[in-house]
Structures are given as structure tokens and as C-alpha cells.
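Here the structure comes first, spelled out in C-alpha cells, and everything after it is commentary.
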Amino acid sequence: MGVAALFYLSSALETEAEPAQNAEQPTTQQAPAPQPTPTPAPQQTPAGQAAPPAAEPAPDTSGETRTATRVIALANQKGGVAKTTTTLNLGVAFREMGHRVLLVDLDPQGNLTMSQGLNPDAIERSMFDVLVHRVPISEVIEQREVDLAVASIDLAGAELALSALIGRERSLEKALAEVRGQYDFVLIDTPPSLGLLTINAFVAATGVIVPVQCEYLSLRGLVQLENTLAMVRENLNPHVAVEGIVATMFDGRTLHSREAIEILEENFGDLVYRTRIRKTVRYAEAPVKGSSVLKYDPTGAAAEAYRELAREVVAAKEAQDGAQAREHA
Ligand code: ADP
Ligand code: MG
């Protein structure tokens, strides 16, 4: 991790409340350590940027269910960081705690759908029809370990089909209005990009949880994600923010993994959950059986890690809400 990258990160974090275009180049106060030039990530233009101002009025956010239901987008534009694994196992852990849980598969790859034993290629109606054709979301919810709004391969065409629609960024939010009162938690699994599907998740969400893989920690990627969220806050959903960062595939035996956690905590402080999701093959075995790790190996350490994370996610939110209430008192 180069010094320049850390400066870049902290400057972007400090300007978080400012418009996203304020993200600065690394400062030159300190000579950055020599480092290979990173290949620039392809610049994605989130659809939010080009949105006509106030195309539609923001939905009423004062409703009881709006505050009661937590809609959490699991996002990181990097693939293979455990978004899908976390969506499923955190969801099942919430269910074990007695919460009512809906999972939404918003990734055209349909891995979440598959991980509950369903075949995305054989699914007739899916989130594609919900987002693009306004089919009620209740019609694509399957009851598995928890309720699951399924993806099919069609979803790959959703970004293009949505891009022509007015209100394209609010399609998921509108669809969820039908059912959100029936759930305590709605967890949305997103694709590995910051395109229109992920923007839809950010607009519908009350918070974002970012899984990061300890092995290939990408702070640049996290800055990009935060910039997209800042744009969504400005234009579409003023309340959405990263509520937590979860370190996944942690291997305590390697210095590399421990350093990754240190860098995360230096930069994001309390946003980093204390719970570490360790690296184990259990997480890859369970979906092959069409089940969560909590069902596959209920007493194992892998299942317990997600139970612990679920308790921490609940407690962290209570602490944040309490702090906010005191501020406004
Ligand atoms: P994403 O949704 O971000 O692309 P996945 O949840 O599909 O990531 O995880 C990528 C791969 O890593 C999958 O094969 C999954 O089973 C595996 N995996 C997830 N979490 C862990 C972990 N803690 N340890 C080892 N393998 C993991
Ligand atoms: Mg995935």
C-alpha cells in the first residue's frame, strides 16, 4: 500500500460531504514511496450522474415501515469479495435471531439464487421482470431458508432496458414498497460493478455493507464506491451511507491479512466490524448443497462467524442511532 494511495483515500474521505468531483489528486506534502503505477480502474459513469434533476418526487420517508425495515445493500464493485456469501449467511443469521428476512438477488450471475438450490437458467420470472416490467416483487419471491427474490440470466439485459425508462434509478425502491413492511431486513446482493443495478440498490437502501477481501484490499475501489454513494446521496437518496465494512477471507496466520485489517481500521475506524470472516472452504462447500453455511454446518466456526456479524450489525446500528438521537436532543 503506497503512501500516495492512503493520502488519496483520506482526502476523499474528508471531502465526503462535498460533491463527489472534489476528490483530489494525492497531495505532494510527502514524497510518495516509489511504487508501480496502478492500472487505472475503468471509469464507470453511474447513471445517477446523467439523471435529469428531480425527475420524480422523492418518496415519503416518514412512514413507520420505512424506519423499521432495514434495507441493506451488500456492495463492492470488485468480484469475489464475498458479497453473495455474506448476503446469504448474514440473512440466515438474522432469521435465526427471529427477524423476518428478504434477500434480493440483483446480480445477473444469479449466484445467490443458485446458492439456495435454484437454477437461474430455468427461472421464468425474476428481478428482471420486476425492475423492467413492473411485475410485483411478491411474484418472484421463493421461500427457501429465507425469502428470496430470484435472479435469472435475463437480468444481464436489465441495465440497458432500464436506461431508457424514466425513474430508472428508483425501480427497485418502488418494487420493494409492496413488501417492505413484511420484513425487518431486506438484504440486496449486487453485481460487481457500480452500474444501474447497484445504483438501484443504493437508492432503495437504508445502508450499505461493504465486504472486503483481506488478500487483495483495494482502497481505490472503496474510494470509487464512496464517490458513487456521494452522488446517490446528492441526487436520489440523502440517507444512504456505508454502515459497515466487513473483512472477509481473513487468514490470521499471514502478515498480509493482518496488515490489510490495520489499513482498513486506520482509514475507516469504527466502520470496520470487529467480526472477521475467516478463510475456510466451508463457505464454498455450502452453496454446492444449495444451503447457507449455517444450515450446512450449524455448529462450525464458519456459521458462528456470521451469527457474530449479525449481532454486531444490529448492535452497531443501535449505537449509531443512539448517538444520533443524543446529537439531536
Ligand atoms: P462475490 O459475490 O463478491 O463475487 P462470493 O460470495 O461469490 O463473492 O465469493 C467468492 C468465492 O469465494 C466463492 O467461491 C465463495 O464460496 C468463496 N468464499 C466466500 N467467502 C469465503 C471465505 N470466508 N473463505 C473462503 N472462501 C470464501
Ligand atoms: Mg456475487
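Please state which one of LEU196, LEU271, LEU229 is within 27 Å of ASN119 (Cβ to Cβ) and away from ligand 1 (no atom under 16 Å from the Cβ).
Going through LEU196, LEU271, LEU229 in turn, just one is within 27 Å of ASN119 (Cβ to Cβ) and away from ligand 1 (no atom under 16 Å from the Cβ): LEU196.
Which of (1) at pLDDT 95 or above; (2) in contact with a Pro (Cβ under 8 Å, 6 or more places away or on another chain) does ILE153 not meet, given it meets every other one?
That leaves (1) as the condition not met.
Identify, by number, the condition in (1) surrounded by fewer than 20 Cβ atoms within 10 Å (Cβ to Cβ); (2) among the acidic types (Asp, Glu); (3) part of a loop (DSSP other than H, G, I, E, B) that GLU142 doesn't meet.
(3)
From GLY98, GLY117, GLY167, grab the single residue that is without any contact (Cβ under 8 Å) to a residue 24 or more places away in the chain, more than 16 Å from ligand 2 (Cβ to nearest atom), on the phi > 0 side of the Ramachandran plot and over 18 Å from the mean Cα position of the chain (by Cα).
GLY98
Please list, ordered by residue number, the helices (runs of 4 or more DSSP H) wholly in segment 82-135 having 3 or more residues that are away from ligand 1 (no atom under 16 Å from the Cβ).
Qualifying helices (runs of 4 or more DSSP H): 83-96, 127-133.
Tally the residues that are farther than 25 Å from ARG170 by Cβ and within 16 Å of ligand 2 (Cβ to nearest atom), restricting the search to segment 219-248.
3
Residue pairs, Cβ under 6 Å, 6 or more apart or interchain, first in segment 227-250 and in contact (Cβ under 8 Å) with a residue 24 or more places away in the chain, second hydroxyl-bearing (Ser, Thr, Tyr) and assigned to a helix (DSSP H, G or I). List them.
From residues that are in contact (Cβ under 8 Å) with a residue 24 or more places away in the chain, the pairs are PHE250/SER257.
Name the residue that is modelled with the lowest pLDDT, counting only residues in segment 204-227 that are buried (at least 23 other Cβ atoms within 10 Å of the Cβ) and not in a strand (DSSP E or B).
CYS214
Would you confirm, using the coordinates I've provided, whether LEU197 is within 13 Å of ALA73 (Cβ to Cβ) and in a helix (DSSP H, G or I)?
So LEU197 fits the description; yes.
The values are calculated or read from the model by the stated rules, or taken from the named source; none is laboratory data. This structure is a prediction, so every number in the text was calculated from the model and none was measured. Please note: Cβ atoms are built from the backbone with ideal geometry, for glycine as well, and neighbour counts cover all protein chains shown.
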